[in-house]
Amino acid sequence: MWGTATAAYQVEGAVAEDGRGPSIWDTFTHEPGRVIDGTTGDVACDHYHRYADDVALMAELGLTSYRFSIAWPRVVPAGSGAVNHAGLDFYSRLVDALLDRDIEPLATLYHWDLPQPLQDAGGWTNRETALRFAEYAEVVGRALGDRVPTITTFNEPWCSAFLGYSSGVHAPGVTDNASSLAAVHHLNLAHGLGARALRASMPASGRVSITLNLAVVRGVSEGDADAVRHVDGLANRIFTEPVLRGHYPQDLLADLRHITDWSFIHDGDAATCNAPIDVLGVNYYSPTLVAAATPEIRAQADGRWVNDPMSADGPTPFPGTDLAYSMPQAGPYTAMGWRIEPGSLTELLLRVHADYPDVPLMITENGAAFADEPGADGVVHDADRIDYLRGHLSAVHDAIAKGVDVRGYYCWSLMDNFEWAWGFSKRFGIVHVDYADGTRTLKHSARWYRDVIAANGLD
Ligand code: IFM
């Protein structure tokens, strides 16, 4: 499968149209100081109105699949209760447009836009939110399952839990480690309940998945080995173990008992999280470097956070814990300041395959932001993005050659879009978007990707 990916809040706009309710990201972006350039997703790429042209663009690129997310507040505006059929119809039209062009839809149910009324009741710290998610999953499974072969429950629950409830650089902007750990569990539980609801509402051939942003974690020195184990638990195993094996990592539960008593994990929950999936989505951008939280490292930290647009170059607390810090890394970097190291993707895929050999994988996101703008000739010459994509595709190929079952690759992103706390200041697209008038222009990387797809691989 060769695809590109986007997410509802990042591209759709039309936040108050056809009965859509408010989400936590509408609230968050309208609070002063939350988004570095003061922008919001109110209009974004106007994909809600331009979807037909965007699908035509995808066809021009030869994509065989398109990964998008469904906005829960469009479908169930209050988060529970009445279904908004006008909202569902938008996704139905999008899916039909894709199928008309032989592009396989891959839909994600939750890419961070929680209906605001659910947040008002505690959001992901409230167990009830998991039950509401399962109801929403069933609505979508029934409405679209006949035409969408694979439905993903969550995109990067790590971000929802830790950036949303620990560092607070994402909506809802809470800064409390104990809340972030409760959020993790309720997201895992919602995945299990949602996966079950999808099975019940999709045709028997329907495939269910979850997408995790798994990390390759390294220590600054040998003395940081325990911090590496700890962060691996917090970034990876706290999701993969319950979801793929039905239990939480005991070492991590013990590490964090001073932060939470874990009483929100009820008997039988971990088994519920372990609902069978057909494929695991992996999002990957850059490796992670950590150090133990020594007094020296604490003194160097400047109070900023992982993925904080204001972040300085020093250590930042690893979200969810007070035992480890995320450390600055050597370049080369993308415009996000993320280290470029394609070989680490091979390392990650081999590790996931070794730990969970039975689950097929797909790369549901990989890509890079660079400060590219059209040149005098009107073309965006993004050679750095092509290098990044070539390196990472080659890394995926290496993993496949070593026996890893990778079913697809989705470039992030189809087009420049609203990059969360970074607003429109970072461009990840292979298609350039002029935010003043919405014009889409293929970057050089889009033409390059089209050739890769046509050849079914790198030359
Ligand atoms: O834009 C995001 C996306 O929404 C989730 N994964 C990472 C991307 C780049 O930061």
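The values are calculated or read from the model by the stated rules, or taken from the named source; none is laboratory data. All of these numbers come straight from a predicted model, not from anything done at the bench. Glycine also receives a Cβ, built like all others from the backbone with ideal geometry; neighbour counts cover every protein chain displayed. Just the protein is used for accessible areas: all its heavy atoms, side chains included, with ligands, DNA and RNA removed. Shrake-Rupley method; radii C 1.70, N 1.55, O 1.52, S 1.80 Å.
In debye, nearest 20, what is the charge dipole magnitude of the range 1-160 about its Cα centre with +1 on Lys and Arg Cβ and -1 on Asp and Glu Cβ, if you could check? Display every interim value, and only then the final one.
Values: 11 positive and 23 negative charges, 75 e Å.
That gives a dipole near 360 debye.
Run the helix sum for the chain: -39,500 (n - 2.57) per DSSP H stretch of 4+ residues, divided by residue count, reported at 222 nm to the nearest 500 deg cm²/dmol. Don't skip to the answer; put the middle values down first.
Working: 16 runs with 169 residues, N = 459.
For the chain, the value works out to -11000 deg cm²/dmol.
Ordered by residue, what ³J(HN,Hα) values in Hz, to whole numbers, does the range 106-115 give under the Karplus form 6.51 cos²θ - 1.76 cosθ + 1.60, where θ = phi - 60° and Gly and Pro are x?
Along the range 106-115, the couplings run 10, 9, 9, 7, 9, 10, 5, 9, 5, x Hz.
Could you tell me the accessible area of Tyr435 in Å² (1.4 Å probe, neighbours in place), rounded to the nearest ten?
70 Å²
In the range 11-29, whose amide N lies under 16 Å from the spot 7 Å out along Cα-to-Cβ of Arg93? List them in ranges.
Inside the label zone: 12-20.
Once you charge only the Cβ atoms, +1 for Lys and Arg and -1 for Asp and Glu, what is the size of the charge dipole of the chain about its Cα centre, to the nearest 20 debye?
Values: 33 positive and 59 negative charges, 149 e Å.
My answer is approximately 720 debye.
Quick query: amide H of Arg207 versus all other amide H atoms, modeled in the peptide plane; which residues come in under 5 Å with a sequence gap of 5 or more or a different chain?
Thr150, Ile151
Residue-wise, which Karplus ³J(HN,Hα) couplings in Hz belong to the range 23-31, taking 6.51 cos²θ - 1.76 cosθ + 1.60, θ = phi - 60°, and x for glycine or proline?
Per-residue couplings from phi come out as 10, 4, 6, 5, 4, 4, 5, 8, 8 Hz.
Describe numerically, in nm with one decimal, the distance between label points set 7 Å from Cα along Cα→Cβ at Ala371 and at Ala59.
Distance between label points: 3.9 nm.
Subtracting the Cα-Cα distance from 0.36 nm times the residue separation, let me have the gained length for Asp18 to Ile453 in nm, one decimal. If you can, show how the numbers build up before the last one.
Numbers: separation 435, 0.36 × 435 = 156.60 nm, distance 3.61 nm.
Extra length available between Asp18 and Ile453 comes to 153.0 nm.
Add +1 for every Lys or Arg and -1 for every Asp or Glu among the other residues with Cβ under 13 Å from the Cβ of Ile24, and state the total.
After counting each charged neighbour, the total is -3.
Could you give me the ³J(HN,Hα) list for the range 341-354, computed from phi with Karplus coefficients 6.51, -1.76, 1.60 and θ = phi - 60°, whole Hz, x at Gly and Pro?
Result, ordered by residue: 8, x, x, 5, 6, 4, 4, 5, 5, 5, 5, 4, 5, 5 Hz.
Taking the Cα centre as origin and putting +1 on Lys and Arg beta-carbons and -1 on Asp and Glu beta-carbons, what dipole magnitude results for the range 82-205, to the nearest 20 debye?
Details: 8 positive and 13 negative charges, 52 e Å.
Using only the charged Cβ atoms, the result is roughly 260 debye.
Is the shape of the range 202-361 best called rounded, prolate or oblate, per the rule: a/c under 1.5 gives rounded, else a/b larger than b/c gives prolate, else oblate, with a ≥ b ≥ c the square roots of the Cα gyration tensor eigenvalues?
Values: a/c = 2.14, a/b = 1.39, b/c = 1.55.
Note, shape of the range 202-361 comes out oblate.
Taking amide H positions as placed in the peptide plane 1.01 Å from N, state which residues far from Gly408 in sequence (5 or more) or on other chains have amide H under 5 Å from it.
The list, which skips near neighbours in sequence, is Ile363.
Which longest run of the chain has no exposed loop site in it, a site being trypsin sites (Lys or Arg not before Pro) in a DSSP loop with at most 11 other beta carbons within 10 Å, and the site itself not part of the run? Intermediate values should be presented prior to the final figure.
Numbers: sites that count: Arg257, Lys402.
The longest uninterrupted stretch comes out as 1-256.
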